1. Could you tell me the largest-minus-smallest coordinate of the C-alpha atoms of region 308-464 on each of the three principal axes, in descending order and whole angstroms?
2. Quick check: the distance between the Cα centres of region 82-138 and region 1-36, to the nearest angstrom?
3. Simple spin-label model, 7 Å along Cα-to-Cβ: Phe95 to Thr540 in nm?
4. Over all directions, what mean area does the Cα convex hull of the chain project, stated in square nanometres?
5. Under unit Cβ charges (Lys, Arg +1; Asp, Glu -1), what dipole magnitude, rounded to 20 debye, does region 456-587 have relative to its Cα centre?
6. Name the residues of region 69-109 whose amide N is less than 17 Å from a point 7 angstrom out from the Cα of Leu140 along the C-beta direction?
7. Taking Lys376 as the anchor, which lysines have their alpha carbon closer than 24 Å to its alpha carbon, excluding any fewer than eight residues away along the same chain?
8. For a Förster distance of 22 Å, can you work out the FRET efficiency between the beta-carbons of Leu551 and Arg615, rounded to the nearest 0.05?
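The values are calculated or read from the model by the stated rules, or taken from the named source; none is laboratory data. The shown structure was predicted, so the numbers you read here are calculated from the model rather than taken from an experiment. Glycine gets a Cβ as well: all are built from the backbone with ideal geometry, and neighbour counts include every protein chain shown. Surface areas here come from the heavy atoms of the whole protein model, side chains and all, with no ligands, DNA or RNA. Shrake-Rupley method; radii C 1.70, N 1.55, O 1.52, S 1.80 Å.
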Amino acid sequence: RKGTPILEGQTTNDVGFGIDDFVGIGLDTSGDESQVYFFEVTPRGVRYQQASENVRYRPLWQAASKVNAGRWTAVMVIPLHDLRLGGGATKTWRFNAIRAVASVGEHYSWAYDGIMQDGQAGNGWPTPLDARFWPALTGLHIVGNAPASRPRPRAEIYGLGSVGHDRDLFEQSDGSFRSQNVRPAGIDVSVPLTATISFVGTLAPDFSNVEVDQQTIAPQEFRRALQEYRPFFSQGANFINSNGAPPGGVFSAPNMLFYSPAIGPFDRGEKIEGSFGDQSFGVLNFRGYDQVSGNEFDDIVYGYKHALPNRTFLYWSDGVFAHHSLAGDDSTVEAGVAGRNLKTGLVYAIDQAVESGSWVPQGSARSSNGFIDVHKPNYEINLGYLDITPNYDPIDGFTSTSDVRGIDGFVNVVGAARGVKSASVFYGADRFVDGSGAVHQADSGIFINATFKNGFSIDGGGPDVGMLRSYAIPGGPNCSGPIVGRSSYTGFPCYLDGVTSPYNLMTVPIGYRDGTPSPIDLTAAWGNFGSDYLHLYSLTNSRPIGRILTLGLEYDGTYERAKLTGGLDSQWLRRVSLGWNLGPDSNLTLSLRSINGNGGFAPQPGTNVSAAFHRRFPNGNELFANFGTPAANTTLDRFIVKYVFHIGADAGT
């Protein structure tokens, strides 16, 4: 657009995606969404890339850019050996070209359909799910498609050293930090069996999390889902979690049979994953020891999906066979089918899972769900049914709640108006009863999203009215004995002393220049939330300082007054982070976080100082040096140096 400035402040590859302008190319080498790749470059030549089958995709590809008289051009060189290419003399690929203009927060797509998704760069956009709308080139012949252009084996060997009083404290599966022997070395390997199928193995995998740390401060009615980053679990993760219609209400994260972030430190694993034709699959085994419970585990997981290239018909099956020394055995198998009519927009799906074993108190449990949906460019209408029996809870999975059956649905209307770039109004509702016949969970909410041409935006503002029922849990058999606690997961079989608690929030989120290098976001929320009345506040801001520094500021607050006693608690979080781009392949991050007060939702009070340095060398090897960790409640006196040797193919390929 004439007069729109070109932004090119970032200087380090893979850091600050979406802060600058960029152009990119999307490649679907499978033709059916199972292997989708994106490659992006900024006006300064800074590179980014993503792959649908591995969040750790980091090939050594090349790009160059030049800015001249208010315009800029770019050239990208993408090696074929960094892509999974299906067999056969000819292939069907799908293509797309994308562009982001950071100063106005706009995204452009060469291939477009009104159903395609948008979002903040790196957080929802670009998405591989849109590959089904890209144009396809059939009969493609790759010149020189010889072994040299096919995937190569690779190995990543790490060496780790640490010093400090807390050098043996590491994060466990429940989020706590506990003492554990430091692993000085380990290895991850990937060996292609065909052009699109690989064996993946790990021995003594690292669990120091120096590559990524996560920390949140926000109340949640249900469990929060996180993203996996460990090499063994991340490669081919979408082939393992093959469910095309995971169950879950409109207001909670979808349930999963296998949720790898819940797996704490483990000792070894092996996996075969990949695709052929219209099929994708994965099967893995891992073994380890849970430091929190003292439990040894040896589990097997599989996933399989058949999907037509245009996603008009697909079916799947996945399962987990868990063997834990303390918890016992737990086996869950799931199957489902889904389809789409491209002309009418009708979408349907049905899914069924059965769990059995000593982990389930009554011996077996099940989950059933299905929906019908009409999806058009400017609206979507969905009606679903969910039935999860008491104590359904795959031991390696993610389940928000059980003992619910009933309907849910939503209506979403999308459009634009004068002064408004885009807007949507979403109304959703659910109502689920439990085995006693009482309403276990019910929610309804209206959420407004709007991006205005003056730079302001509303991101999900509106009322959310919900309720959740809990029951007293007796300690003796046959619903006898003293009460040992309460549970909203299920009251089966006793359903004693049911209490229904409200979870209501009115949220007003105001953003300014979201999607640009200098966004400001202010959110206020209030309402009855369980046993408390809450007021929540959040203010975040980030902005580049020159060409090498990025400053991030955050201030969050929680007021909670107990409705039973009138007691008031409050908690405040202050965070300052500074990113320093040291060159094309090096960066340093400093973070200072302080929490005070006694609120019940955020981490424990304390001050946390952490620092992280990362350098990637031209040969693909990597160096990490970390002090403390942002995920800890207080500063850890722990300094870790980790060096990763990359042998063979590029990382994540």
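1. For region 308-464, the Cα spread along each principal axis is 62, 38, 30 Å.
2. Each part's Cα centre sits 11 Å from the other's.
3. In this crude spin-label approximation the distance works out to 3.7 nm.
4. Averaged projected area of the chain's Cα convex hull equals 28.4 nm².
5. 100 debye
6. It comes to 76-98, nothing else.
7. Lys343, Lys421
8. 0.50
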